[in-house]
1. Averaged per residue, what accessible surface does the chain expose to a 1.4 Å probe, in Å²?
2. Using only Cα atoms, what Kirkwood radius does the stretch 146-279 have, in angstroms?
3. Need the list of lysines near Lys38 for cross-linking: C-alpha distance under 22 angstrom, and skip anything on the same chain fewer than eight residues off.
4. If you take the square roots of the eigenvalues of the alpha-carbon gyration tensor of the stretch 128-172 and sort them as a ≥ b ≥ c, do you get rounded (a/c under 1.5), prolate (a/b over b/c) or oblate?
5. Can you tell me the alpha carbon radius of gyration of the chain divided by the globular rule-of-thumb value 2.2 N^0.38 Å?
6. Using alpha-carbon pairs under 8 Å, 6+ residues apart, how would you state the relative contact order of the stretch 146-279 in percent?
7. Within the stretch 45-88, which residues have the backbone N less than 11 Å from the label spot 7 Å out from Asn30 along Cα→beta-carbon, could you tell me?
8. Calculate, in whole percent, how much of the Cα-Cα pair population of the stretch 217-284 lies beyond 17 Å.
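The values are calculated or read from the model by the stated rules, or taken from the named source; none is laboratory data. Keep in mind that this is a model prediction, so the values were computed, not measured. Glycine gets a Cβ as well: all are built from the backbone with ideal geometry, and neighbour counts include every protein chain shown. What goes into the accessible areas is simple: the full protein's heavy atoms, side chains included, and nothing from ligands, DNA or RNA. Shrake-Rupley method; radii C 1.70, N 1.55, O 1.52, S 1.80 Å.
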Amino acid sequence: MGRCRTAFNAYSVKFSPFFEGRIAVATAQNFGIIGNGKQHVFEMTPAGGMLEVAQYDTADGLYDCAWSEANENVLVAASGDGSIKVYDTALPPHANPVRGFKEHRHECCSLAWNTGKRDLFLSSSWDDTVKLWSLNAPASLRTFAGHTYCVYHVAWNPQQPEVFLSASGDTTVRVWDLRQPAPTLVLPAHAYEVLAADWCKYNDCLLATGSVDKTIKLWDVRAPGREMAVLAGHSYAVRRVLFSPHAGNLLMSCSYDMTVKLWDTASPQAAQGLPLRSWDHHSEFAVGIDFSSLREGLVASAGWDESVWVWDQRGFPSP
């Protein structure tokens, strides 16, 4: 469908839950090691191109972003200085960011907005914690501690708005309930760092994990003693995994092997390392992916090659 270029290395791409053709892209200079960041917002044109409609500069690299589920113009960005920037695209650039939260002691690397309790969102950090926030509160509502290394990813359970997971470099995935003081499950998911995890949108007991060990694992939280399946198609670390909002069996992944893959988790071929689709349009690490919730089949990816692609999952990306 289209490709857009970014001045810095792209880390995250997120479709708007309100506007079909709008995406947010978080980027960091010098691969996020040192330097500035930019938060971009792009719109798909009727001809299939990508038009930048907003850009916000930051002093530190940005590692993730998330759209508000309550306000179509608001998004948040995760910064290398540990802060969370809040942007309102309806306001001029000089009026942004409209707010900032600074509690994490190290890089903030993941954000997730709650689709059920739409005033809440989560952040995770290299300081080994997860924090719960509301734009209506002056500070975080709660800090979730327990991981012993960087928390690389957080994701809300799509059917239980009080439940979320966190994926960590301590090799575990933890399941939390806002009503409980401690994790309800500590899952020793991989032998190496877990970089990503996500819930199935149609089965609130099914989750997927992605690891430095190059594999994706499927788990049933009711029987956590052993994974349901191992998908071993990537040749380097799996950076993101994401279940489709339109089909319970479809899972997308991206990797440091520079590919994006689409899996049919119900297929016996998946357990043999054979995805439905594999795309190699990136020329550097592929680190961001998303499904559009508004248009079935529309997907996006972001990479360290300073590019973001949007295409139909039944075909192939094209500039």
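1. 39 Å²
2. Roughly 14.5 Å, rounded to one decimal.
3. Lys14, Lys85, Lys102
4. The shape class here is oblate.
5. 0.91
6. The normalised contact order for the stretch 146-279 reaches 15 percent.
7. 61, by backbone N distance to the label point.
8. 41 percent
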